[in-house]
Amino acid sequence: MTNWDTILNSVIITAGVFAALITAIANIVISIINNGRLKGIEKKKELNEIDKYRYSRLYELILNWHKYDSQYTGNTPSEIASSRLVNLFLDNSGRYEIAKPLLDAKYIDELDDIFEKGNHLLKKLLDAENPDGSHTKEFNAIKNEYFDVGGEFSDKLKAAINEQLKTLLKKNN
């Protein structure tokens, strides 16, 4: 072998080593990029499964809405209506406990405020009733405010659940 053959062989071997090194670095970079993409896909898939679960549970709550209603009590239509109004807030409180972990924070903040107001009014309403069954003079005003808050809570809860369902449905389409 001549000196040129040795140099040529060295250049070819060196070029092969550099090519292998560049290929290895490119493969590592491509692997890192693909790994990041796969993690992103898995994260989206996981979020999609969570959204499907949230949707199905909220939809199930709507389908079984009537199961959370208290029994009708009273002998006259006005007694029954009064009983329904008193229990409206309490019935929706049970629904809210189920829906709360499934709702976005923007709905929870508003509903929590109304929920706390309703609980406060319920306590005031109970305090306005004397042990003998008579009522203080503030009782009717508190009762009417409690009924209003119960109705507002009911409307806001239904609206929040329906809006959340729409949002979840849009995310998955």
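Bear in mind that the values in this text are calculations on the coordinates, not laboratory data. None of the values given here were measured: they were computed from a predicted structure. Reconstructed Cβ throughout: ideal geometry from the backbone, glycine too, with neighbour counts over all protein chains shown.
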Quiz item: Order of 158, 44, 137 from fewest to most other C-beta atoms within 10 Å?
Solution: 137, 44, 158
Quiz item: lysines near residue 170 by alpha-carbon distance under 19 Å, same-chain residues fewer than 8 away left out - which ones?
Solution: 43, 44, 45, 52, 106, 158
Quiz item: What angle do you read, to the nearest 10 degrees and between 0 and 90, between the alpha-carbon axis of helix 105-127 and the longest principal axis of the chain?
Solution: 20
Quiz item: How about residue 123: which lysines have a C-alpha closer than 18 Å to its C-alpha, ignoring those fewer than 8 places off in the same chain?
Solution: 137, 143
Self-check item: For the stretch 86-165 versus the stretch 54-70, the gap between their alpha-carbon centres in whole angstrom
Solution: 18
Quiz item: By the gyration tensor of its Cα atoms, with a ≥ b ≥ c the square roots of the eigenvalues, what is the shape of the stretch 60-171: rounded for a/c under 1.5, prolate for a/b over b/c, or oblate?
Solution: prolate
Quiz prompt | the stretch 1-129 pair-distance distribution - Cα-Cα, 10 Å bins, rounded % | solution = 10, 19, 18, 12, 9, 8, 7, 6, 5, 4, 2, 1
Quiz item: What angle, in degrees between 0 and 90 and rounded to the nearest 10, separates the Cα long axis of helix 3-63 from the longest principal axis of the Cα atoms of the chain?
Solution: 10
Quiz item: Relative to the longest principal axis of the chain, what angle (0 to 90°, nearest 10) does the C-alpha long axis of helix 139-171 take?
Solution: 20
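Using a cut-off of 9 Å between beta-carbons, work out the net charge of the residues near residue 68 (Lys and Arg +1, Asp and Glu -1, residue 68 not included). Before the final figure, lay out the partial values.
On the way: positive: 67, 95; negative: 69, 91.
Charge balance near residue 68 sits at 0.
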